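Worksheet for the structure shown next.
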Amino acid sequence: MQAAVFSFSARGARLAAQVGEYLTSIGYDVDIQTVAKYAEQAGQKPMLPDHNAACGECFGRCQTIVFVGAAGIAVRTIAPFIKSKLTDPAVISVDERGSFIIPLLAGHIGGANEIARCLAAALGGTCCVTTATDVNGLFAVDEWAARNHMVLTSLKAAKDFAAALVDGQQVGLYYDAAFQVAGELPRQVVVSDAPAVGMAITLDKTLAPFASTVCLLPKLVHLGIGCRRNTPLEKIEALVLPELEKLKLDKRCIVALASVDLKKDEQGLLAFAKKYRLAANFYTADELNAVEGEFTPSAFVKSVVGVSNVCERSAVLDSKGGRLLLRKTSCDGVTLAVAAENLMLDFSRTGLKTD
């Protein structure tokens, strides 16, 4: 994860260093910049050619940006670069004494509210969150979805959901039968299809059980793929993409493809992973043979690679023992199986590191 911290005074530069230390502690690669006349003294990079250009360069590549200084400077600086709450980075303003920490942009989906709360605790300041669900102590569906690696399919439905909660209404919850729920549900959220507004946590991208449905698609699908040597990308796509449509799976739910390690240099597989931004994981025959379950055997495959089934075993192993959504299916020298990780839905808050 990438973060940038900008400051505009000598005192601000000192506080920016503290902010950078905290962000580093929670896993960020941090770029700290200040105005040119304080850069050498602070041991930080100068904002070149100016703070507007420096922000523009960081806006597209960073997940979090912190301005140490007046909130107005931050607002004017980021204004030309704002595009969408789905893609904008978390932007936070901190005064140069660290007294007030204000999330300005991407409070929920980008995580700015949560980062601001934890940063305030680390600095000993006060976090100033202004989003309606937060100030009313209500469940924020977009923030929860982002934190739990789910695709939010409709911003309009998410707004309807938040508005219903703020208005004191109950909202519905639907989730796939294979998922489980831990602990209590958030206030005003009920497992029922009676409310007009609700959220559906599902792998079926077409599902809409409420008049206004916030559909949350978990990113937990794994593809097990086997293929002949030198199978091109196009043949892999010709099998995988139609099967995903039959399963009503959104491509954004897929996190990885997996196969036997003899295929780790298979260019078609690697090209598929690169095109769809997937991890590519490869396992030895011994690792695949150790996977428990009933799988479709092939004596020929076992004679070639040492395991009787590559695609099903790879999918299950890569999904950490998940369930098969699609058993072995074949086309033109490519085999495919699809598995989903087991999912426990936990609606309790999970904060970032604060010490």
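The values are calculated or read from the model by the stated rules, or taken from the named source; none is laboratory data. Note that the coordinates shown come from a computational prediction; the quantities given were computed from them, not determined experimentally. With ideal geometry, Cβ positions are generated from the backbone for all residues, glycine too; neighbour counts draw on all protein chains shown. Accessible surface is based on the protein model in full, side chains and every heavy atom, while ligands, DNA and RNA are left aside. Shrake-Rupley method; radii C 1.70, N 1.55, O 1.52, S 1.80 Å.
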For the chain, modelled as a Gaussian network with Cα springs under 10 Å, which listed residue fluctuates most, Met344, Met47, Met199? Met344
Treating only the Cβ of Lys, Arg, Asp and Glu as charged (+1, +1, -1, -1), what charge dipole size does the chain show about its Cα centre? Round to the nearest 20 debye. 500 debye
In Å², what does the accessible area per residue of the chain work out to with a 1.4 Å probe? 47 Å²
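Please tell me the relative contact order of the chain in percent, rounded to the nearest whole number, where contacts are Cα pairs under 8 Å and at least six residues apart. Present the calculation step by step, with values, prior to reporting the outcome.
Values: 753 pairs, mean separation 42.9, N = 355.
With pairs under 8 Å counted, the relative contact order is 12 percent.
Have a look at the DSSP beta bridges in the chain and tell me what percent are antiparallel, nearest 5.
Working: 20 of 63 bridges.
Given both bridge residues lie in the chain, the antiparallel proportion sits at roughly 30 percent.
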Would you indicate which of (i) 20.4; (ii) 27.6; (iii) 18.1 is the value of mean projected area of the Cα convex hull in nm² derived from the coordinates of this structure? (i)
Under a GNM of the chain (C-alpha, springs under 10 Å), which listed residue has the highest mean-square fluctuation: Ala17, Ala299, Ala196? Ala299
Taking 23 Å as the cut-off for C-alpha to C-alpha distance, list the pairs among Lys159/Lys246; Lys251/Lys328; Lys156/Lys251; Lys205/Lys275 that go past it. Lys159/Lys246
Might you report the magnitude of the Cβ-based charge dipole of region 118-276 about its Cα centre, with Lys and Arg at +1 and Asp and Glu at -1, to the nearest 20 debye? 600 debye
Out of Tyr28, Val291, Thr77 - ranked by how far each Cα lies towards the positive end of the dipole of the chain, with unit charges on the beta-carbon of charged residues - the top one is Thr77
When only Cα pairs under 8 Å and 6 or more residues apart are kept, what is the percent relative contact order across region 90-226? 18 percent
Among bridges DSSP assigns within region 208-355, what percent are antiparallel (round to 5)? 60 percent
Once normalised by the length of region 81-148, the mean sequence separation of its alpha carbon contacts under 8 Å that are 6 or more apart gives a contact order in percent of 28 percent
As a percent rounded to 5, the proportion of antiparallel DSSP bridges among beta bridges in region 1-133 is 15 percent
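Specify whether the C-alpha gyration tensor of region 1-94 places it in the rounded, prolate or oblate class, a ≥ b ≥ c being the square roots of the eigenvalues: rounded for a/c under 1.5, otherwise prolate if a/b is larger than b/c and oblate if not. Intermediate results must be reported in sequence, preceding the final value.
Values: a/c = 1.72, a/b = 1.25, b/c = 1.37.
Judged from the Cα gyration tensor, region 1-94 comes out oblate (a/c at least 1.5, b/c at or above a/b).
With a cut-off of at most 11 other beta carbons within 10 Å, and DSSP calling the residue loop, which GluC sites (Glu not before Pro) in region 278-355 qualify? Please list them.
Numbers: sites: Glu287, Glu292, Glu294, Glu312, Glu341; in loops: Glu292, Glu294, Glu341.
Listed in order of number, the matching sites are Glu292, Glu294.
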Candidates per trypsin sites (Lys or Arg not before Pro) in region 270-355, loop by DSSP, up to 14 other Cβ within 10 Å: Arg277, Lys320, Arg349, Lys353
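Given the DSSP H assignment, sum -39500 (n - 2.57) over each helix run of at least 4 residues in the chain and divide by its residue total; what's the result at 222 nm in deg cm²/dmol, nearest 500? Spell out each step's value before the answer.
Details: 13 runs with 118 residues, N = 355.
So the helix-based figure for the chain works out to -9500 deg cm²/dmol.
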Would you please give the residues with an amide H less than 5 Å from that of Leu345, counting only those at least 5 places away or on a separate chain, with H modeled from the backbone geometry? Gln180, Val181, Ala182
